[in-house]
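Take this structure first; my questions come after.
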Amino acid sequence: MARNEALGYGTCVARALDARSHANTVVQRGTGSYDGSMALPNERATDVSVRQFVADSGAVTRGLRQGRAYTLTLNGEPLAKMIPIRRRRAVPKEEVFAIFAAAPVIDADELRADVEDSVSEDLRDPYEGTGL
């Protein structure tokens, strides 16, 4: 049985790419000015060649989900920046307080009067007379 069949083709490709990436270190050029605000703090983008990305895009996808940023390179030159999308689940308490600190003061009695003037309390069928 051939080595590729025993380990699986994907495993051999991943090992070959891993060995190649350590042997041929890509010189990072032009990636320092990219905005990395979406990536993990104090982490530089990892260079990934187009060939590596095509062969093992799953590893890059997992890294993006973990907050890592990547620079896609072609012949050692930066081609694209891949950064994870951050979705906030909650707004920090300090930020909420800062927003409401600048909000105008609302007089509850004045608000109630404005609502009562604007909204009718009469109930009616909105479809009356339409034939529906």
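The values are calculated or read from the model by the stated rules, or taken from the named source; none is laboratory data. On a predicted model such as this, the values are computed, not experimentally measured, just so you know. Counting neighbours? That spans all protein chains shown, and the Cβs are built from the backbone with ideal geometry, glycine included.
Residue check, residue 118 against (1) in contact (Cβ under 8 Å) with a residue 24 or more places away in the chain; (2) more than 34 Å from the chain's Cα centre (by Cα), all met but one. Which one?
(1)
To keep it simple, each residue is scored yes or no on (1) modelled with pLDDT of 90 or more; (2) surrounded by 11 or more Cβ atoms within 10 Å (Cβ to Cβ); (3) under 12 Å from residue 46 (Cβ atoms).
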residue: 60; (1), (2), (3): yes, yes, yes
residue: 74; (1), (2), (3): yes, yes, no
residue: 82; (1), (2), (3): yes, yes, yes
residue: 85; (1), (2), (3): no, no, no
residue: 88; (1), (2), (3): no, no, no
residue: 91; (1), (2), (3): no, no, no
residue: 94; (1), (2), (3): yes, no, no
residue: 97; (1), (2), (3): yes, no, no
residue: 104; (1), (2), (3): no, no, no
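Scan the range 24-45 and tell me whether some residue there is modelled with pLDDT of 65 or more, surrounded by 13 or more Cβ atoms within 10 Å (Cβ to Cβ) and not in a helix (DSSP H, G or I).
Yes, the range 24-45 has at least one match.
While we're on this one: Report whether or not residue 86 is out of contact with any Asp or Glu (no Cβ under 9 Å at 6 or more places or on another chain), part of a loop (DSSP other than H, G, I, E, B) and either under 30 Å from residue 69 (Cα atoms) or polar (S, T, N, Q) (or both).
The answer is yes for residue 86.
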